[in-house]
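Read through the structure below, which is laid out as structure tokens, and then see the notes.
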Amino acid sequence: AADTVPAGTFPSFMAEGTLLCRRGEYEKALTCFNNALKLRAGDKRCLVARSKCYLKLGDTENSLKDAEASLQDDKTFSKGLYQKAETLYTMGDFEFALVFYHRGYRLRPELQEFKLGIEKSQEAIVNCIGSPSSVKLENKEDLCFISRQAESKKANQKVQIKLTKDQKWTRKQEPVRNPKTERQLLGELYADKVYLEKLLKDKDLMESSTKQGIKIADLVLSGITYLDRRSEFWQQQKPIYARVRERKLRQQKWIRDKKQKPAEVGRYIVKSMEDIDMLLAGDCPEESCKKAERVLKRIQGWSEDEVPNKNELIGNLHSCIGNAQLEMGQVEAALQSHKMDLEFARQNNLPDAVSRALDNIGRVYARIGKFQQAIDTWEEKIPMAKSSLEKTWLFHEIGRCYLELNKAEAAQNYGQKSLQSADEGGDVEWQLHATVLVAQAQVKLNDYQSAIMNFEKALEKAKLIHNEAAQKAIIIVNDVTKSFVKELEERERTVHAPTDDDFVSEKAKEDIFEKDREREESERSTESQEDEKQKDDARNRKDEDGNNKERGNAQENKENESEGEEKRREGETGAEEPE
């Protein structure tokens, strides 16, 4: 079962493992890198990534194996050299770590991490054995070099777990270290060690086991052993006396002379910037902002001879202050800080700083709902984007702003650009985000079928990276979209119910149309004939009325003539009677 090929691709496993590493989920990341190596055995970048995971989990042995394996085919692989040096340093093998830091620095002198590695290794060696002038080396024929790794293994073998006759768990005691010294070495972990040592005194607890069958005593003692090893490592790296002396010297030097050597200035700046980033990442924006303001004030008091990249650092600190202010909700102050960063970057012709400032200004505008300003700012940054991942994020955010402005077509275009860049970079998580953006834009464009297809693709991406929250959200949205489309289709069928004509062939439709036309013409002809008949009847009635009138007049004249004739006769008769 261990040799079976996992379902997935090499880039997807690499992307998922890298993401999990950033989140601190090293066990899950380790599984992803293991699967990636099954698909592409011996890939040097994947070996380095897995080595980092092992180192974070405290497994220095496997970390060293992977680092060395990454150098097997290419001895000049800088990431492999650096990872091997880091592993050796963590193991307390400062001398060998220094060797590999030097090798990497000779190959890649522009990389700052090799230079810092050389400095910290040299400092750790001096803290352990003193300055080179105080050490005498004798030339003996049987002289051999034993790494501190081997010495630490022998020392660790002295810590043994044994069960006494009274069934009490104890451990062989090493020389007791001063509690004050141990507290300084362990810091916050000192309380954990005290708690574990108290547990050892609980007889019943030590004799019990976990559900997996692991004895509680083994777990407690392994925790104490680990803390002992850490305290030994930190003691070698920087002994207490060295820390106290260094603190006193630093205070005296700052009081006596504000001017510092370039190396000290560089270390101070690097350490301060790391602290600022850690405070912000650790959800302490207020402390991060205060420290950045203190460092900014101090750097402003130095000359350009002491700090050659002074203006670049000032802009960077304004950026850090702006990020912290944004996290604290001080939006206007954050916008001003990022604008100052942009101003310093343009004055000093720093393209990377300009890109960073535009990025942050766009974020602030998007946070306060000024989406058009955010779009304008980010579109100015597009030509400056270097990596596929940077373009992916940038296109996605611009598309999201267009979606907020109800400009769905522009949102869809930028979503597709983001998806293309994510495919080029092999980043599955950003492929998921871009696909969801495209689907949402298509919903607003009423292209429901395409939206459903893209939601289903996004669901597959979410399953691939085991993002359960995204899976649930996509399923809900997709179901709502499908239900809406189904309701529209049913409503359309109801309004436009199919008739018999919908199932008739084109020829039959033409015949029916021709018959309808003939029927209409026949009806029009019939109507015209009826109209003509009505007109003829009207004319006949008019003529008959005229004839009737003439006949009536003739009758009336005849009657009048007959009456006149009768009167004339009566007159003649009356005239004859008197005679």
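The values are calculated or read from the model by the stated rules, or taken from the named source; none is laboratory data. As the structure is a prediction and not an experimental result, all values here were calculated from the model. As a convention, Cβ positions derive from the backbone with ideal geometry for all residues, glycine included, and neighbour counts pool all protein chains shown. Areas reflect the complete protein model, heavy atoms only, side chains present, ligands, DNA and RNA absent. Shrake-Rupley method; radii C 1.70, N 1.55, O 1.52, S 1.80 Å.
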If only one of Lys291, Lys297 is charged (D, E, K, R) and open to solvent by 50 Å² or more (accessible area, probe 1.4 Å), which one is it?
-> Lys297
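Residue check: is Thr377 outside the structural domain of Asn35 (by the TED database) and within 16 Å of the chain's Cα centre (by Cα)?
So Thr377 does not fit the description; no.
Only one residue in Asp59, Asp74, Asp43 is outside the structural domain of Arg229 (by the TED database) and exposed (fewer than 14 other Cβ atoms within 10 Å of the Cβ), so which one is that?
Exactly one residue qualifies, and that residue is Asp74.
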From the list Ser131, Ser121, pick out the single residue that is under 13 Å from Glu86 (Cα atoms) and at pLDDT below 90.
-> Ser121
In the stretch 354-376, what residues are surrounded by 19 or more Cβ atoms within 10 Å (Cβ to Cβ), β-branched (Val, Ile, Thr) and farther than 23 Å from Val438 by Cβ?
-> Val354, Ile361, Val364
Only one of these is modelled with pLDDT under 60 and either touching an Asp or Glu at 6+ places or on another chain (Cβ under 8 Å) or assigned by the TED database to the domain that holds Arg23 (or both): Lys253, Lys259. Name it.
-> Lys259
Over 30 Å from Gly92 (Cα atoms) and open to solvent by less than 40 Å² (accessible area, probe 1.4 Å): does that describe Phe10?
-> yes
Filter result for Ala385 (under 26 Å from Ala439 (Cβ atoms) and small (Gly, Ala, Ser)) = yes
Return the only residue of Ser208, Ser222 being of a type in the set (Gly, Ala, Ser), modelled with pLDDT of 80 or more and more than 42 Å from the chain's Cα centre (by Cα).
-> Ser208
Any pair with Cβ under 9 angstrom, 6 or more apart, that starts in the stretch 332-345 at a residue that is closer than 16 Å to Tyr365 by Cα and ends at one that is open to solvent by less than 40 Å² (accessible area, probe 1.4 Å) and among the aromatic types (Phe, Trp, Tyr) | Leu335/Tyr365
Residues of the stretch 371-421 being of a type in the set (D, E, K, R) and either touching a residue at least 60 places away in the same chain (Cβ under 8 Å) or not in a loop (DSSP other than H, G, I, E, B) (or both), in sequence order, are Asp376, Glu379, Glu380, Lys381, Glu390, Lys391, Glu397, Arg400, Glu404, Glu409, Lys417
